[in-house]
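Reading through the structure tokens given below for one structure.
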Amino acid sequence: MNGMKTIILVLLGILALLCIAEACDIKLKLVSKTDKPVKFQVIVPGSKIRTEEIELKRKQKKLIQIKGKNCGSKIWIFKMWVKKGKQWKKLPDSKMRLDGNGWTDVNIEDSRFHFFGSFGILTSGI
């Protein structure tokens, strides 16, 4: 009887983890290391989420929080623009899959960005 209770508890634990894993809560901590203003946007097709275009200036920090279901089911799209004079120049999109419950730091430079440290999220590059 004790063996059966243990099996049921383990199965309930696995089921709870699967329910939690389906939803994501990811914090992207943006840190600008640029000399010029930049804009940054995240599109999460699996959750039908599109952030606003977030403008950052030198050494500025901003937080984007993505909460939803099926975050990791489709590839995320990261868009970035740099200011050239009075115009915004769009850089090529970057794509990556993220999922989980946690955070990652995103260092933004003049012509690119990269993830720097994370906790509680799964990432896979394309």
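Values in this text are rule-based calculations from the coordinates and carry no lab data. Everything numeric in this text was worked out from a predicted model, so none of it was measured. Quick reminder, even Gly has a Cβ in these numbers, built from the backbone with ideal geometry, and neighbours come from all protein chains shown.
When +1 charges are put on Lys and Arg Cβ atoms and -1 charges on Asp and Glu Cβ atoms, the dipole computed for the chain relative to its Cα centre reaches about 680 debye. Dividing the helix sum by the residues of the chain, where each DSSP H run of 4 or more adds -39500 (n - 2.57), gives a mean residue ellipticity at 222 nm of -6000 deg cm²/dmol. Counting only aspartates and glutamates at least 8 places from Lys79 when in the same chain, those with an alpha carbon closer than 18 Å to its own are Glu52, Glu53, Glu55, Asp93, Asp105, Glu109, Asp110. The GluC sites (Glu not before Pro) of region 52-113 meeting both criteria, a DSSP state outside H, G, I, E and B (loop) and at most 15 other C-beta atoms within 10 angstrom of the site's C-beta, are Glu52, Glu53, Glu109. In loop segments of region 25-126 as defined by DSSP, the trypsin sites (Lys or Arg not before Pro) with at most 12 further C-beta atoms inside 10 Å of their C-beta are Lys48, Lys57, Arg58, Lys59, Lys86, Arg112. Summarising the strand pairing of region 24-125, around 80 percent of its internal DSSP beta bridges are antiparallel.
Amide hydrogen proximity for Leu91: with H placed 1.01 Å from N in the peptide plane, the residues at 5 or more positions away or on another chain lying under 5 Å are Met80, Trp81, Val82. As a length-normalised measure over Cα pairs under 8 Å and 6 or more apart, the relative contact order of the chain settles at 27 percent. Rounded to the nearest 10 degrees, the inclination of helix 2-22 to the longest alpha-carbon principal axis of the chain is 20 degrees. Along the axis of the charge dipole computed for the chain (Cβ charges of +1 for Lys and Arg, -1 for Asp and Glu, origin at the Cα centre), the listed residues Gly46, Asn2, Ile64 are led at the positive end by Ile64.
For the pairs Lys61/Lys84; Lys48/Lys69; Lys39/Lys59; Lys29/Lys89; Lys33/Lys89; Lys33/Lys74, flag any whose C-alpha to C-alpha distance is greater than 19 Å. Those over the limit are Lys61/Lys84; Lys29/Lys89; Lys33/Lys74. Using the Cβ-Cβ distance between Ile75 and Ile7 with R0 = 35 Å, the FRET efficiency computed as 1/(1 + (r/R0)^6) comes to roughly 0.40.
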